[in-house]
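Participant: This is the structure I have questions about; it appears just below.
The values are calculated or read from the model by the stated rules, or taken from the named source; none is laboratory data. Everything numeric here is computed off the predicted structure, so don't read it as measured data. Here the Cβ positions follow ideal geometry from the backbone for every residue, glycine too, while neighbour counts run over all protein chains shown. When the accessible area is computed, the model is the full protein with side chains, heavy atoms only, and any ligands, DNA or RNA have been set aside. Shrake-Rupley method; radii C 1.70, N 1.55, O 1.52, S 1.80 Å.
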Amino acid sequence: MPPRKRATPRGEPSGISSTRQIQDILWRTADKLRGSVDAAQYKEFVLGLVFLKYVSDAFAERRGQVAAGLSGVPESRRAALLDDRGEYTGAGVFWVPVTARWDHLAENAAGATEGVGALLDNAMTAIMRENGPLEGVLPTIFDRGDVDSRRLGELVGLISDARFTGHGDRPARDVLGEVYEYFLERFARAEGKRAGEFYTPAGVVKLLVEVLEPYHGRVYDPCCGSGGMFVQAGRFVAAHAGRGRDGDIAIFGQEANERTWRLAKMSLAIHGMDPSGIGDRWADTFADDRQPDLRADHIMANPPFNMSDWARREDDPRWRYGVPPRGNANFAWLQHIVFHLDDRGSAGVVLSNGSTSSQQSGEGEIRRALVEADLVACMVALPPNLFRTTAIPACLWFLTRDKSPQGSEALSDRRGETLFIDARGLGTMVDRTERVLTDADIARIADTYHAWRGSRSATTRGRTYVDVPGFCHSARLDEIAAHDHVLAPGRYVGAADAGEDPDAEPLADRIERLTKELYAQFEESARLEAVIREKLRGVS
């Protein structure tokens, strides 16, 4: 895989080189495709071409370094040494055959009115054939009758202006990683609700990672989307090099959607992570658990909210706390995740707020069993408008198998307790419909959890936990039982003194949030009505 650091090439390459300019160029590329390519595929077109340009730029950069090291070597030997694959793969650079190198593609695509699609498909195939981790990953969808060769040629020319190398001491992989994530976010904005399968807002991902602190071990995501959880976990490890080293985490995942699985494979390769961790093909987590023996140290997931159509078997060994209802997979996801936790493993899961209080179809009994098994470490109520893909209010479940001090870890003993955090008043509106969690918001939530748990990241800074009315409260199991095992943080944290709390939710925001919640409840009622009508039609 591409290394985290790579030497700076000699000389600044021509063309556009700032990350922002690259992003603008490539988004214009997407605009050129919009309307002429099926909406479900145009992500693959654009991101596939971006990836092809990246591997070619990184290869050319490495080739220049190899050539510079051959000064004084006889010309008769230079060609063989320059094409020594070990010089590339050993440096974490993908081997790119001549027919897949960007200069070859750009030269042959310029002004062409036919054959550009085949040229690009052949390049993708050649790269996959020469690089095992990419086998079956790259899109070969360019040589189709509904794709205009002239337009493809224009796209190749436009992307030729984007340089992923020559950014000071920043390797091409880091630059492309930013561009790739920028694109995923832009596509998510453009696609709205349809984007939920591949994109989780960056602030939510970062919050999960900052609470779980995956310094090392096995990291698992059973519905990994485009791989954002893994990428952020890798960044966390890199940022805390004193506690964990790059390579100290091993990633495992699964994704049911073929196109999203391919996006994840490319994203992991770009970020220098082993894409084989998410399997050799896409698969439904409930129907075909591809890693049944995995026991993970850290699990992060953003499964589809309130999924009504899922592969349910009543005798599934994962249902240790109760059989989930046929019409909603929320508690199937939670139990699948608990099943895959190691003895001291922890998990963070994004679910709809309904999971904290629903009593229908046995969900209340499953939630009670999870609480009584002392698996629920923390519940966080998220602010509204974080997800463009749904208006349904969301929360975070943090689960753990071991709330004890854990020996040398010297954590606070939290057996029989659960922390509740009401973060609905946090976040900043970036436009009329979208809210984001700032770094300060994320730090406040994560620091509260680590102070409660007595984590090293809190004790080294002298942080201790206290209940804060309106924001956080540590409840014992008997208190939770008194609330009929409802886990909505608002039940436990009480009311804040708005005159003293600088983070109190403004009235306008509260009205907006409550309106959203009522709308989401209406949507949920409509969904349930549709399910009931479908079942009644089947009976009749």
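Participant: Which order, highest average first, do 83-91, 473-481 follow once you tally other Cβ atoms within 10 Å for each residue and take the mean per peptide? Display every interim value, and only then the final one.
Facilitator: Details: 83-91: 13.4, 473-481: 16.1.
Going by the mean number of other Cβ atoms within 10 Å, highest first, we get 473-481, 83-91.
Participant: Would you calculate the separation in nanometres between label points at ALA311 and ASP439, each defined as 7 Å from the Cα along the Cα-to-beta-carbon direction?
Facilitator: Computed distance between label sites ALA311 and ASP439 equals 4.3 nm.
Participant: Under 11 Å from the Cβ of ILE442, count the other residues' Cβ atoms, weight Lys and Arg +1, Asp and Glu -1, and hand me the total. Present the calculation step by step, with values, prior to reporting the outcome.
Facilitator: Values: positive: LYS206, ARG444; negative: GLU210, ASP439, ASP441, ASP447.
That sum, taken over residues with Cβ under 11 Å, equals -2.
Participant: With a 1.4 Å probe and all protein chains left in place, how much accessible area per residue does the range 329-429 have, in Å²? Spell out each step's value before the answer.
Facilitator: Values: 2740 Å² over 101 residues.
That works out to 27 Å² for each residue.
Participant: I would also like to ask the following. Based on the mean of other beta carbon atoms within 10 Å per residue, what is the order of 414-421, 55-62, most packed first?
Facilitator: Numbers: 414-421: 20.5, 55-62: 23.4.
Going from most to least packed, we get 55-62, 414-421.
Participant: Enter the accessible area per residue of the range 56-154 (Å², integer; probe 1.4 Å; all protein chains in place). Write out the running numbers ahead of the final one.
Facilitator: Values: 4820 Å² over 99 residues.
That works out to 49 Å² per residue.
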